[in-house]
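Worksheet: the structure to be examined is printed underneath.
The values are calculated or read from the model by the stated rules, or taken from the named source; none is laboratory data. Given the structure is predicted, the values throughout are model-derived calculations rather than measurements. Here Cβ is always computed from backbone atoms with ideal geometry, including for glycine, and neighbour counts include all displayed protein chains. Note: accessible area is taken over every heavy atom of the protein model, side chains too, but ligands, DNA and RNA are not part of it. Shrake-Rupley method; radii C 1.70, N 1.55, O 1.52, S 1.80 Å.
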Amino acid sequence: MSAHLTATAAIVLAAGQGTRMRSRVPKVLHPLAGRSMIDHVLDALADAGIARPVVVTGHGGDAVEAAVGARAATARQEAQLGTADAVRVGLGAVSSDVRTVLITMGDAPLQPSALFRAILREREIGGPAIVLVSAHLPDATGYGRIVRDADRGAASIVEEAHADELTRALNEVNVGTYAFDVAWLREALARVAPSPSGEEYLTDLVAMAVADGRAVRIVEADDAGDTIGINDRLALAMAEERMRRRIADEHMRNGVTIVDPTTTRIDAGVEIGQDARIEPWTILEGATVIAQDALIGPNAHVRDSRIGPRTRVWASVVEASTVAEDVEIGPFAHLRPGSDIGPRCRIGNFAEIKKTRLGAGTQQHHFSYLGDAEIGADVNIGAGSVTANFDGTTKHRTLIGDRASIGVDTMMVAPLRIGEGATTGAGSVVTRDVAPGKKVVGVPARPIELRRSSKPPAGAGSPAPVEAPVPSGADRNS
Amino acid sequence: MSAHLTATAAIVLAAGQGTRMRSRVPKVLHPLAGRSMIDHVLDALADAGIARPVVVTGHGGDAVEAAVGARAATARQEAQLGTADAVRVGLGAVSSDVRTVLITMGDAPLQPSALFRAILREREIGGPAIVLVSAHLPDATGYGRIVRDADRGAASIVEEAHADELTRALNEVNVGTYAFDVAWLREALARVAPSPSGEEYLTDLVAMAVADGRAVRIVEADDAGDTIGINDRLALAMAEERMRRRIADEHMRNGVTIVDPTTTRIDAGVEIGQDARIEPWTILEGATVIAQDALIGPNAHVRDSRIGPRTRVWASVVEASTVAEDVEIGPFAHLRPGSDIGPRCRIGNFAEIKKTRLGAGTQQHHFSYLGDAEIGADVNIGAGSVTANFDGTTKHRTLIGDRASIGVDTMMVAPLRIGEGATTGAGSVVTRDVAPGKKVVGVPARPIELRRSSKPPAGAGSPAPVEAPVPSGADRNS
Amino acid sequence: MSAHLTATAAIVLAAGQGTRMRSRVPKVLHPLAGRSMIDHVLDALADAGIARPVVVTGHGGDAVEAAVGARAATARQEAQLGTADAVRVGLGAVSSDVRTVLITMGDAPLQPSALFRAILREREIGGPAIVLVSAHLPDATGYGRIVRDADRGAASIVEEAHADELTRALNEVNVGTYAFDVAWLREALARVAPSPSGEEYLTDLVAMAVADGRAVRIVEADDAGDTIGINDRLALAMAEERMRRRIADEHMRNGVTIVDPTTTRIDAGVEIGQDARIEPWTILEGATVIAQDALIGPNAHVRDSRIGPRTRVWASVVEASTVAEDVEIGPFAHLRPGSDIGPRCRIGNFAEIKKTRLGAGTQQHHFSYLGDAEIGADVNIGAGSVTANFDGTTKHRTLIGDRASIGVDTMMVAPLRIGEGATTGAGSVVTRDVAPGKKVVGVPARPIELRRSSKPPAGAGSPAPVEAPVPSGADRNS
């Protein structure tokens, strides 16, 4: 296998400007379903067993080379002298022991790895000089037509401009993906004649191989739509839709219900468990894992997060967080990066959480902000509560013990520790630690005795704690 | 009519595992547009006049029987011995006075009641042994083909595997929905021979009826897409789209504008008045009624609620609530169950309401929470205000009189009564009732005289009421 | 050119009731992509050089005439006597020096101006009596078929009801858009005979022109779908989709990435810069301008606003506001009208802004409300902060200087001025101006010395300022 791998290389042509994209971004760097076009091509090549292809760059070469990074070797085509010239440039980076080179376009990101495997396999049978991919199009206008020979191989590729009526009527077109016999290719490239425009075309090689008495085999693409090159943003949108739909179909085949696949956007690589249900207008991005029986959406946006079994997330945004099982999040909640939500928690409307751990069964039903905090189990967070975690220089942490009850509109000035079972009064500004089981009230908050009478404290002359005219714990909400 | 009804029964075949669904949920219980597949089939049968059919269960039988409940009789097929066997099981629960039995599949939820009515009618004309439903498919691969006789009835149904080239070229297929002469059916089922796999197929009955000299009539489905059986989640998604579109089309025909039917999700049973306008990405669920001239969406999610004339709901969630006429809700508002909103109210961004009545013209423009409250007319709720309705044990109510003005960041600790025309100051924590026309300020809130000087009170030595350095009523917002 | 313009007029037929719309709104006033049908027709006519056409009104005439306003002359057809009669009514408002009159339907809003230009050009060549627009339909059922003569002109238009088998098989239909020789038209209209129903049809003129020995030329619509008349809300939804898609395609051709054109709604007239990226479920309405490299969506709703370069708006609503470059807005933020956001600002979740200017680099990360305020650069707004801008009668302004730090849960009772670099404590109610560099705390807020010890103030007997047990500035958050 490794012997075979050393003997096979690939060249990805990515030098073109893509003028019709009308972009300052090089064409192959435009994203599709969360990754650039060239990344999709490199992914499929890797999946077909070609680990480190050669990317031929040109327009926007610096940016493309930076984006490709260590995934591929690169070779710069300094002048736009056509595809044959680009391949010549790419071959300079292909080692001499390689027997077969796969050549494809960096702007054809939908091609599946199976297609690459198919032409490599075909190259091994009988040693043709060229294996090329064809597609059958309902309307082939503008494409190079494939003229077949008596053996169903290719006799030539005829560009639209040079095609007679009969050839123009053919609807089998050249896709631009090939496997070549490298030895023959190196020699033949020296013989390609420039076109009147000065460019040298790879497609001329087909007729040359035939003239040399070498076979040119054809592999037909299963689905012509997978072979399209992206030349403008309309094609980009079509490719986006096709790729998204491909991903959704795969999840549905694996036992995920996707209520409306056309309005659900799932990045490649997202994992979803059986019998999870994805409601409309939902985005699952990056390294996201959805457990079985989860209910995501409508209108959920989950990025780089893990969502537990039976958990529901709707009309909310979850970023780089972990959510355990049986949690309810939404509507209109926002988990910022670093949130870690325990089982059976309830995160309601207008709740914001950041770099905070919530213990099992903790409830944050309403508008409020928890940041840089460690919160125990079965805690209740009142509406309007805020962790004041920033002193202008440093972020400080807030620690809240199990079963604590944070009253409405409690300001928690960090660093702060609120003990197990402690209570804060409505509107309190808590600036000092609260002992377990104690209640604090007022601005700033001071301890009061629980279960005491409803009379106000007689503490004249001191900063006034709030009186407690209501039973302990009365100032929560849900 | 009732005589006719007693003479007609129906059997719904719902025993199959649905392996390709890859689900732990029985196939016919998967939901579609808010109801399970089997519910849709039972709905259409009921609409066709068949009140209590027999559902033949098998895989997941307990769950299916529990879900069907009182809507149908059930009979359990213990072993998967084919459709003919399933019908035999079902017939055991069909009373002896029934002359015609309709048989259909529990996984074909799009079939309209008109189709059921059509085959029952056809059964009454000339008394054929079988009436079966056919559909014309562009690609019939995999389906049993219907071979017609000279009279345009069916001569036989030929499974794909046994079909010759000519038969395979037929594109009229058997759907799996029939009306049978019960007497003939009972007798004929005894004669069905098992296939090599041991299963007995209902489709064999067609040739048997013909051999018996009995007619087999065909009713062609108006729309083949309505007859599809759901075998995997891709088909489920297609069926969902088709059913949603059918519902949307019906509303549009009735005079509702649906701006984008493909991204609007309306449950069966939702009522919408004339000239209402439904903007994109909107969900109308359950027992929802939208009045005429209402403007719902974009991005509205309304469940089990009544929305009044000319009211607008956008980018908001409304659950189990009632909203009167000329109200504006949104964006980013959340009405939780039990909200009752009077005419001309305005519920703005980040407002949350739960089990609360709002009188006419009351305004809640900003982030705030009203729960378990009774609020009068023309009240203004300041930003950040909260009803602290929960003392850890019991939910208490808050009552606010007409024309009261709740200042920003007012905490209302329930039980609490704020009188007509009363005012609360910014940041006040109100723990005692406020008399009509009075203003309270501070933590906890104490009454102050309105229109008094801006000098602070001289109340040294007592819990400090807030001074009132601003004119009365100054601490609201909008 | 102006001579040519005086010689050309247009009549738009807008008298029909549109019964199948099931609406109390006249058919041509139903909106499509943000504008009424008749507005779209008038736009296309204006674009074709016809500035002030004549709109013939009938059903709902008052409303239509009010909506048309100064854009067109109007003429009322009192009784529904057919299209020929409507044109006769319209001609009464066409001045006598006009040589060519374009006639089209007010319910065909997708017709591009190029189509109007094409028939006007055709009218100038050889002076035909009529130029009419045809469309080729896959299914022409219900439409008047065009019978061509030997010269490829029209010989007659045959209504479905009068068509023989052969004519019915024709799929080229009459669209209802014409350019007429006015002199001939005026004379010929006098000769039109009423149909049995009493209506007079414009289509009869074709055969009359031929009988008069005058040419009737045909212009084929490039895209039949652009010529459809809207007769019910299903057609309205289809037209909406087609028009939205046309707008999206145009932006994509200009170098804008629209990730999902089918769920992106861009009004005609919105401007978007190169390499801007529009994510799904986004609405761009009215006079909106999006700068290059902006990232809008998913789930953004922007109306009548300017968004700067590289600024991101997601899951938020922006109304009638201006946002500078490099700003981040969202998720769940709401800019109400009159917001003006400086460069590099950050507006986070549950933030609301109204009639407020934010200086460069100012941050409002959390739930809070800023209204009628002028806020400097590099200000930090704590969670829960509110401008109490309304005293029940008047809106007052809040001014906050550069680098001020507004602590969490600060109530700012306007009119109010908070100086440069000033700080407010957590939970403070600020009722008096704060001097530059000072800190205020408490309810109501009083100045304290910064960088003092953590001991509480000894101020017995006076309204209690909050103590400052934490370092200055400690009660912010982010």
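There is at least one residue in region A:166-175 that is in contact with a Leu (Cβ under 6 Å, 6 or more places away or on another chain), among the β-branched types (Val, Ile, Thr) and in the same structural domain as A:Ala114 (by TED's automatic domain parsing). Set side by side, the residues A:Glu65, A:Glu124 differ, and just one is within 21 Å of A:Val175 (Cα to Cα) and touching a strand residue (DSSP E or B) at 6+ places or on another chain (Cβ under 9 Å), which is A:Glu124. Counting only strands (runs of 3 or more DSSP E) that sit completely within region A:213-288, those holding 3 or more residues that are out of contact with any Leu (no Cβ under 7 Å at 6 or more places or on another chain) and closer than 30 Å to A:Trp314 by Cα correspond to A:282-285. Residue selection: C:Ala51 fails the criterion of being of a type in the set (Gly, Ala, Ser) and either assigned by TED's automatic domain parsing to the domain that holds C:Arg244 or within 17 Å of C:Gly229 (Cβ to Cβ) (or both). Residues in region C:308-346 that are among the β-branched types (Val, Ile, Thr) and farther than 28 Å from A:Trp314 by Cα: C:Thr322, C:Val323, C:Ile341.
Restricting region A:359-391 to residues that are open to solvent by 20 Å² or more (accessible area, probe 1.4 Å) and under 20 Å from C:Ala351 (Cα atoms), the residue that is nearest to the chain's Cα centre (by Cα) is A:His365. For region B:244-269, a residue qualifies if it is open to solvent by less than 10 Å² (accessible area, probe 1.4 Å) and farther than 20 Å from C:Thr263 by Cβ, and the qualifying residues are B:Gly255, B:Val256. The residues of region A:392-404 that are away from chain C (no Cβ under 12 Å) and either in contact with a Gly (Cβ under 9 Å, 6 or more places away or on another chain) or crowded, with 24+ Cβ neighbours inside 10 Å (or both), listed by number, are A:Leu399, A:Ile400, A:Gly401, A:Asp402, A:Arg403, A:Ala404. Among residues that are free of Cβ contacts under 8 Å to residues at least 40 places away in the same chain, in the same structural domain as C:Asp260 (by TED's automatic domain parsing), surrounded by fewer than 24 Cβ atoms within 10 Å (Cβ to Cβ) and of a type in the set (A, V, I, L, M), C:Ala315 is not included.
Against the conditions (1) within 11 Å of chain C (Cβ to nearest Cβ); (2) crowded, with 24+ Cβ neighbours inside 10 Å, A:Thr356 satisfies every one except (1). Looking across region C:290-307, the residues that are open to solvent by less than 30 Å² (accessible area, probe 1.4 Å) and over 20 Å from A:Ser316 (Cα atoms) come down to C:Ile290, C:Ala291, C:Ala294, C:Ser305, C:Ile307. Within region B:405-427, count every residue that is buried (at least 24 other Cβ atoms within 10 Å of the Cβ) and within 14 Å of chain C (Cβ to nearest Cβ). Qualifying residue count, region B:405-427: 13.
Note on region B:227-245: residues that are of a type in the set (Asp, Glu) and touching a helix residue (DSSP H, G or I) at 6+ places or on another chain (Cβ under 7 Å) total 1. If you go through region B:331-348 and keep only what is away from chain A (no Cβ under 11 Å), surrounded by fewer than 24 Cβ atoms within 10 Å (Cβ to Cβ) and farther than 13 Å from B:Gly308 by Cβ, you end up with B:Pro337, B:Gly338, B:Arg346. Only one of the numbered conditions (1) within 27 Å of B:Ala209 (Cα to Cα); (2) in a strand (DSSP E or B) is violated by B:Leu115, and that is (2). Within region B:11-32, the set of residues being aliphatic (A, V, I, L, M) and touching a strand residue (DSSP E or B) at 6+ places or on another chain (Cβ under 8 Å) comprises B:Ile11, B:Val12, B:Leu13, B:Ala14, B:Ala15, B:Val25, B:Val28, B:Leu29. Take A:Ala351 and decide whether it is open to solvent by less than 10 Å² (accessible area, probe 1.4 Å), assigned by TED's automatic domain parsing to the domain that holds A:Val302, out of contact with any Cys (no Cβ under 6 Å at 6 or more places or on another chain) and modelled with pLDDT of 95 or more. Yes, satisfied.
Of the residues examined, C:Pro109 is not one that is surrounded by 22 or more Cβ atoms within 10 Å (Cβ to Cβ), part of a loop (DSSP other than H, G, I, E, B) and over 32 Å from the mean Cα position of the chain (by Cα). Name the single residue that is least open to solvent (accessible area, probe 1.4 Å) among those in region B:8-36 being within 21 Å of B:Glu78 (Cβ to Cβ) and charged (D, E, K, R). The selected residue is B:Lys27. For region A:201-214, the criterion of being within 30 Å of B:Lys27 (Cα to Cα) and in contact (Cβ under 8 Å) with a residue 12 or more places away in the chain is met by no residue.
Every residue, every condition in (1) more than 22 Å from A:Val206 (Cα to Cα); (2) among the basic types (Lys, Arg), yes or no:
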position: A:Ser36; (1), (2): yes, no
position: A:Pro53; (1), (2): yes, no
position: A:His59; (1), (2): yes, no
position: A:Val68; (1), (2): yes, no
position: A:Arg71; (1), (2): yes, yes
position: A:Ser96; (1), (2): yes, no
position: A:Gly106; (1), (2): no, no
position: A:Leu115; (1), (2): no, no
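When the residues of region C:10-36 are filtered to those that are within 15 Å of the chain's Cα centre (by Cα) and away from chain B (no Cβ under 12 Å), the one that is farthest from C:Ser95 (Cα to Cα) is C:Arg35.
If you go through region C:188-212 and keep only what is hydrophobic (A, V, I, L, M, F, W, C), surrounded by fewer than 15 Cβ atoms within 10 Å (Cβ to Cβ) and in a loop (DSSP other than H, G, I, E, B), you end up with C:Ala190, C:Ala193. Applying a threshold of 8 Å to beta carbon distances and a minimum spacing of six or more residues, or different chains, the list of pairs starting in region A:61-72 at a residue that is within 8 Å of A:Pro26 (Cβ to Cβ) and ending at one that is aliphatic (A, V, I, L, M) and open to solvent by 50 Å² or more (accessible area, probe 1.4 Å) reads A:Ala63/A:Val25. Among residues of region B:82-96 that are among the hydroxyl-bearing types (Ser, Thr, Tyr), those with a Cβ under 9 angstrom from a residue that is part of a helix (DSSP H, G or I) and at pLDDT below 95, sequence gap 6+ or separate chain, pair up as B:Ser95/B:Thr6.
Every test in (1) modelled with pLDDT of 95 or more; (2) at the interface with chain C (Cβ under 9 Å from one of its Cβ atoms) is passed by B:Glu319 save one, and that test is (2).
Residues that are part of a strand (DSSP E or B), within 31 Å of the chain's Cα centre (by Cα) and small (Gly, Ala, Ser) do occur in region C:125-140, at least one of them. Filtering region A:141-168 to residues that are assigned to a loop (DSSP other than H, G, I, E, B) and open to solvent by less than 20 Å² (accessible area, probe 1.4 Å) leaves A:Gly144, A:Gly153, A:Ala163.
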